[in-house]
Amino acid sequence: MGRLVVVSNRIPGHGTRGGNGGGLAVGLNAALAKRPSLWLGWSGDVTDTPPPPERRHSRRTEIVGVALTPALHAGFYAGFANSLLWPLFHYRLGLVEYRRADYAAYIEANEWIASALMNELRPDDTIWVHDYHLIPLAKILRARGVANPIGYFLHIPFPATEVFRCLPVYRDLVEALAHYDLVGFQTESDRVQFVDVLGAPEKRAGDTIEMFGRVFQTGVFPIGIDTQAFAAYAAKPSPDGQRLADNIGDRKLAIGVDRLDYSKGLPNRVAAYGEFLERHPDWRGKVQYLQIAPISRGEVSNYRALRRELDGAAGRINGKYADFDWTPLRYVNRGFPRGTLAAFYRRARVGLVTPLRDGMNLVAKEFVAAQPPDDPGVLILSEFAGAAVELSGALTINPYDVDGIADALHRALEMPLDERTSRWRADFDVISTNTAAFWSESFLSALAAARPT
Ligand code: GDG
């Protein structure tokens, strides 16, 4: 069996808590355990003269980390990837910052990663590239003669054509994607929007596309979690979980867990909680909202602005409604170990997942997995998260509708046990089938079928 070669911006084990690297490592765990593999990406180091790639082993996987220069880091990572592609693909045109120099750095960083990868590649490797940082990689590899199967998975939404066209180099990116053998998306609507931007209906037959002199496949692969393992984790005794339970007492806990990112809809969520407390004085003192929001991408200015905004909003709610023995909102800017998070989810009566846009949102699935079957909590879920396609048992909200989120919170807190149980059961069944292992294996089978060896 040839190796699986994973390429992603971050490699596992480098400050990835709360970021994609952590979730991706869980997603790929089963696929990596099955075969010898290599995982290559940015090491997290930024130095003027990058040293040779660093190497580690984790079970059957060799992990290779490549450093970036300060200029590449600024233009590629903080610039084109996180100040342009991220806001654009999440429909936040007002936050988009386009600079030609950043695009040049983006291409250069992809060339740099391609060079490191070329040193590692064997003819029978299957290459799986992840996410928006690395769109041009296959085109660069093909130009250098790499003939291996190469698949691509986009973890974030693919935007509607009229949004995507705001990017001056949008056609370059579309053409670059055509150099993969398989381009995978989280939802069918992401896939359809990608096909739409190609703008050549006569070239489509089912999921196969023929364009730019290339034939490639598209597909939908909603990412999942290791549901059984997460459920078992959540049921294990946890000292922090117990401390939280003792501390909360009889109060009902509502929980949110998100990287501090403007796509996650945190200001509206906090405002909705304030609105709920205003409208339902009987619930004051009886509910506790815990928002865990580890700092993310602190080097990007829009993230610092979001942090200031939320600090102010949390302070205002606590200033207005707190009592000597009750703090309505606990807002924590740091990460917790996975086991602690699982125990917190399990203790919660309500899970608040209200992104303005989200490719999938694994927190929604983790919250469902962690619930006690005999007394499950209620998930409140944005209709603009990819997870909403699968999790029909959730209370779906429009994240721009602050009053609607407040209504859903009230409904969730008052929901009788039989309704909570039937909603939770529907969602738990779905995530027990659409697991992380199912996601990676279906992608890799589709890639093998797209490029029979
Ligand atoms: C991107 C897409 C897509 C969070 N805080 C802590 C912590 N986390 C973990 C969560 C979850 C992961 O981080 C976050 O995953 P999400 O899916 O919610 O969001 P993104 O980071 O934006 O990920 C997203 C995902 O890629 C996968 O394709 O679903 O749409 O945006 O697993 O639990 N983990 C720990 N401590 C924390 O404090 N240990």
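The values are calculated or read from the model by the stated rules, or taken from the named source; none is laboratory data. Because the structure is a prediction, the values reported are computed rather than measured. Neighbour counts run over all protein chains shown; Cβ positions are idealised from the backbone, glycine included. Note: areas computed on protein heavy atoms with side chains; ligands, DNA, RNA excluded. Shrake-Rupley method; radii C 1.70, N 1.55, O 1.52, S 1.80 Å.
The table below lists the values:
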quantity	calculated
Selected residue [at pLDDT 95 or above and assigned by TED's automatic domain parsing to the domain that holds residue 189] from 382, 422, 392, 440	440
Selected residue [in contact with a Phe, Trp or Tyr (Cβ under 9 Å, 6 or more places away or on another chain), at pLDDT 95 or above and assigned by TED's automatic domain parsing to the domain that holds residue 373] from 322, 348	348
Which listed residue is more than 12 Å from the ligand (Cβ to nearest atom) and assigned by TED's automatic domain parsing to the domain that holds residue 252, from 330, 357	330
Residues located in segment 80-94, provided they are among the hydrophobic types (A, V, I, L, M, F, W, C) and touching a Phe, Trp or Tyr at 6+ places or on another chain (Cβ under 9 Å)	80, 81, 84, 85, 86, 88, 89
Yes/no for residue 335 being more than 8 Å from the ligand (Cβ to nearest atom), small (Gly, Ala, Ser) and open to solvent by 10 Å² or more (accessible area, probe 1.4 Å)	no
Residue selected from segment 60-77 under the condition among the small types (Gly, Ala, Ser) and assigned to a helix (DSSP H, G or I), by the criterion least open to solvent (accessible area, probe 1.4 Å)	75
Count - residues of segment 235-263 that are of a type in the set (Asp, Glu) and either open to solvent by 20 Å² or more (accessible area, probe 1.4 Å) or away from the ligand (no atom under 16 Å from the Cβ) (or both)	3
Strands (runs of 3 or more DSSP E) lying entirely in segment 205-260 (those with 3 or more residues that are in the same structural domain as residue 173 (by TED's automatic domain parsing))	208-211, 214-220
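Yes/no per residue for (1) touching a Phe, Trp or Tyr at 6+ places or on another chain (Cβ under 6 Å); (2) open to solvent by 30 Å² or more (accessible area, probe 1.4 Å):
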residue: 43; (1), (2): no, no
residue: 55; (1), (2): no, yes
residue: 58; (1), (2): no, yes
residue: 96; (1), (2): no, yes
residue: 106; (1), (2): yes, no
residue: 111; (1), (2): no, yes
residue: 114; (1), (2): no, no
